[in-house]
Every structure is written in structure tokens, then in C-alpha cells.
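As C-alpha cells, the structure follows; a few thoughts come after it.
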Amino acid sequence: MMFALAILISLFSTSESSEIPKIDTIKLAAHTEKSSLVFDGTVHPKKIAQVSSLSGGQITQIGVQLGDWVYENQKLIEIDHSRSLLAKKLSENELNIAQQNLKLAKKVFERIHKMHSESLISEEVYEKAEYEAFAAEARYSAAMDNFDIAQLNLSDSYVKAPFAGQIANIHVGLGETVLPGAPLLRLAATDTALIKATVNANDLSSLQHNQQAMVEWTQGALSFPAKLHAFTNVSNPKNHRYPVELISPNPPESLVFGTLVQVNLTTADTLSGVLINSRALRSFNGQNFAYKIKRSKDHYYLHKTRVSILLELDNGIFLVGRELNEGEEVAAGGALMTDGMLIRIGNVLKIEP
């Protein structure tokens, strides 16, 4: 009789234990993430210029075409320089004549000066020789200036690249006549990318010069580093947002300028909490919950705990606030979880970023 009763109690206990659901748990680990600011921007060349010439005339040569890469001071376009060349030759001849006249005037003055010191000539003759030497030197100086101007006018007929870059547009054709200062072509320095964007007033307080960022182009297919170059605390009156600029030296060659990019800027702020996965979270009425594991004697039960999500990481992992503590355990998920539900502990999992 006693043996049958013991068997019955054992069967009842086993049946009751099998009815308690077995749930895997997550042992919480502390984690710290640097805060980031994400916004959209547009990528541009750092330097872009409408190249023109101080000289006007007919286009006689175009040495580049659209898309060509050029180096600094490379000749791009040539304007008819026949008149400038003649003017240079004329001024060069005038300079040579002025130079010879100066030499002669100096020799004459040296002789007159010697004779004057010996009282062999009058004061009037001496002053005249002195004046002629002074005038010859002035004419030589003027001739040299005219020659320099003629050289500059001739060099203005050759349009050169002000910096290394890519030909972005050519505005003129061979044989066209242009005025001085007219834009001839557009040159872009694509060795450094400039990302222009705007942020709102709340984000402005997180900005510091030289903050590091990752720039994603074409939905993450291409990414490259950048740093915060400039920003202002004066908003654009049209949209009341604040302009920011980032620079990226040596961007990928496949980058298309003028396109939209996403900027992930690392700020000085840090976020600290614990890591859990999406299966451990529940949401209701806009609030997020997790089920903490509580122990009472030899029994385990669920305790519904409200949590705040600080950051979403990759692969469905979340960084949550200090409502949960390092070393505690939460339910890793299940078909049905309720506050106060009695459970059995299954596998203990660990979440890593």
C-alpha cells in the first residue's frame, strides 16, 4: 500500500514538472557604444572653379576634353596670341635700346663728373649730363615694365589649370571668339570629397571639429571615412536647419559626385547598458518590455520589466538602459510569456555585438 502511494506521488510530481514551460535565458552583459548621429548629405568635389582668361580673342587650340584628368599649371586652352607676340617683340626691342642708351648716358656722366671735379667744365654742362643719365635710367625702368606686361599678356593667351583635377565641362569651341574673363571650362578637384548636409538644432550641440564619420553611398554598397570639417550655429532661413561640411581625402574612384549619401557621425557621447536580442523584447502601447528571471526558493518565475532601447545594433541586437543590470537573466523569448509565470530554466545564452 505504501509502495503504491509513493509511486502515485512520484508520478504526480513528474506530471506537474513537465507542465512548467522550459525557457532559455540570456545572461546580461554590460556594453558601451559611442553615440552616433545619422543624416543625409550630398557629395561634392572640395574645389571647383570656372576657369577663364584675362585675354580675349579667338580660341585656336583646346588641349583637353570632358572627363580628362589634368595636373596643376597644365595648358588647357590657347587663345590667338599673334598680337601679344608682336607686342612682346616690340617691347623687347625698346628694352634693348633703353639699355644701350642707359649704358651710354652713364659713361658720358662719368666723364663729365671727372671733368667737373677738375673744374674743366661749367656747372650747367654737369647738371645736363646728370639729368640725361637720370632720364636714361627712368626710360630703361619703364621699358622693362612694358616688357614684363607684354610677357604677362602673352602668357594670358595660354589658359592653365589652377589646380589638379578633372575637366567637368567645356563651355567654348574651337574658333569661337571670347571676351576677357569669360568662363571657358569648369575644373573639379576630385582628390578630396566634400559632403554638404544640414542638421537640426538639437543635433548641433553634439558637433565638434574633426569628429570621425563613415559615409555610405548607394545604400551601403560603398563606404568611406570622413571627418567633420566645418559647421555653423546660424540656421538657413529657408529651412531653419544648420549647414555642416565633412571632408574625405582620397575618396573611392567609383564615387559619383552630386549624389545623395548617408553620414554616420561618431559623437563624443557614449551609451551604456546591456545587450539583448529582439526575441527577448515585447512591445505594448509604445512601451518596450523584457521578462526578468526571479527566483523564490527552488522556483523561477517571470517578472515583467519595462526597458528603454538606447540603440539598435546589427543582427537584431539592442542596447537597453539600466533598467536591467549586468549579470541578471531575462527570458530569451517564447510563444507565451506572462508576468509571474512559473518557468524552468533551459539553456543560458550570451549576447555579443
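Derivation of every value follows stated rules applied to the coordinates shown; laboratory data play no part. In this text, all values refer to a predicted model and were calculated from it rather than measured experimentally. Cβ coordinates were reconstructed from backbone atoms using ideal geometry, including for glycine residues, and neighbour counts include every protein chain displayed.
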What ³J(HN,Hα) values, in whole Hz, does the Karplus curve 6.51 cos²θ - 1.76 cosθ + 1.60 give for the stretch 167-173 when θ = phi - 60°, with x put for Gly and Pro? 6, 8, 6, 10, 8, 10, x
Given (1) -0.26; (2) -0.30; (3) -0.64 as possible values of log10 I(q)/I(0) by the Debye sum over Cα atoms at q = 0.07 Å⁻¹, the one from the coordinates is (3)
Which longest uninterrupted range of the chain lacks any trypsin sites (Lys or Arg not before Pro) assigned by DSSP to a loop state (not H, G, I, E or B) and surrounded by at most 15 other Cβ atoms within 10 Å? 1-237
Checked against the positive end of the charge dipole of the chain (+1 on Cβ of Lys and Arg, -1 on Cβ of Asp and Glu, about the Cα centre), the farthest of S52, A188, I247 is I247
With an 8 Å Cα cut-off and a minimum separation of 6 or more residues, compute the relative contact order for the chain in percent. 28 percent
Take every Cα-Cα pair in the stretch 246-318 and report what % of them are more than 22 Å apart. 52 percent
Hey, what's the per residue convex hull volume over the C-alpha atoms of the stretch 82-155, in cubic angstrom? 59 Å³
In degrees, nearest ten, helix 123-155 long axis to first principal axis of the chain (Cα): 40 degrees
Mind sorting D68, D314, D156 by how few other Cβ atoms lie within 10 Å of their own Cβ, fewest first? D314, D68, D156
Asserting the computed 222 nm helical MRE of the chain (DSSP H runs at least 4 long, -39500 (n - 2.57) per run, divided by residue count, to nearest 500) equals -9000 deg cm²/dmol
Would you mind ranking F289, F147 so that the residue whose beta carbon has the fewest other beta carbons within 10 Å leads the list? F289, F147
Arranged by the count of other C-beta atoms within 10 angstrom, fewest first, what order do T198, T60 take? T60, T198
Hey, what does the equivalent ellipsoid look like for the stretch 23-163, semi-axes from the Cα gyration tensor as sqrt of 5 times each eigenvalue, largest first, whole Å? 69, 27, 10
Would you pull out the residues with amide H under 5 Å of Y300's amide H, same chain only if 5 or more places away, H placed 1.01 Å from N? I343
In nm², the average projected area of the convex hull spanned by the Cα atoms of the stretch 21-75 is 10.8 nm²
Angle in degrees between helix 82-117 and the longest Cα principal axis of the chain, rounded to the nearest 10: 60 degrees
